[in-house]
Amino acid sequence: MAEREELLEAATESLVVFLRRSAPRNPETVSSLGLTLHQFRALVILYAEDGCTTTDLADAVGVHPSVATGIVQRMVQRGLFERHEDPIDRRIRRLTLTPSGRELAGEVVGDARVQRRRQLEALDDAQLAQASVLLDTIIAGLDQARAEV
């Protein structure tokens, strides 16, 4: 394998391990909110990507679109999500958080921020600055890839 390929593979694996290990591991934490793990993930994703479609949500949560439809339906019934017609294409339904959904997601994301901050305290100032630049570059690449689709 070429050196760049090895570096890409190592960075990808490290990122996956970090995300897996830093995700909520305690099912009681998620269930105390009255949510399944998929509903929890959907809430956090919609907080970050308000206005996405059910298909987008399915991709982000990692489930089949039919499963995502059920997740969305339950979240709508709980008063956490709303469906809205897309103003450009009436066939598309966009998902948004209700005020109570936004409040709950804000609490969840706030807790996660505290946890992530604790994890990042292992880095010195130079490493934090470098990590910030690298993550901003990755995010810009994601935004560019989405714009090209």
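The values are calculated or read from the model by the stated rules, or taken from the named source; none is laboratory data. Please read these numbers as outputs of a predicted model, since none were measured by experiment. The accessibility values were calculated without ligands, DNA or RNA, using every heavy atom of the protein model including side chains. Shrake-Rupley method; radii C 1.70, N 1.55, O 1.52, S 1.80 Å.
Taking Cα atoms only, the orientation of helix 3-22 departs from the longest principal axis of the chain by about 50 degrees. If you line up the long axis of helix 99-120 against the longest principal axis of the chain, both from Cα atoms, how many degrees apart are they, to the nearest 10? Helix 99-120 sits at roughly 10 degrees to that axis.
Radius of gyration over Kirkwood radius for the stretch 37-82, both on Cα atoms: the Rg/Rh ratio is 0.90.
Rg and Dmax of the chain, both derived from C-alpha coordinates alone, stand at 17.5, 51 Å. For the chain, the carbon plus sulfur part of the accessible surface works out to 55%, probe radius 1.4 Å. Annotation: amide H-H contacts under 5 Å for Phe81 (H modelled 1.01 Å from N, sequence separation of 5 or more, or interchain): Val76, Thr98.
Taking all protein chains into account, the per residue accessible area for the stretch 100-149 stands at 81 Å² (1.4 Å probe). With 16 Å as the cut-off, how large is the P(r) tail for the stretch 60-121, expressed as percent of Cα-Cα pairs? I get 61 percent for the Cα pairs in the stretch 60-121 exceeding 16 Å.
Between Thr12 and Gln119, full extension at 0.36 nm per residue minus the direct alpha carbon distance yields a gain of 36.7 nm.
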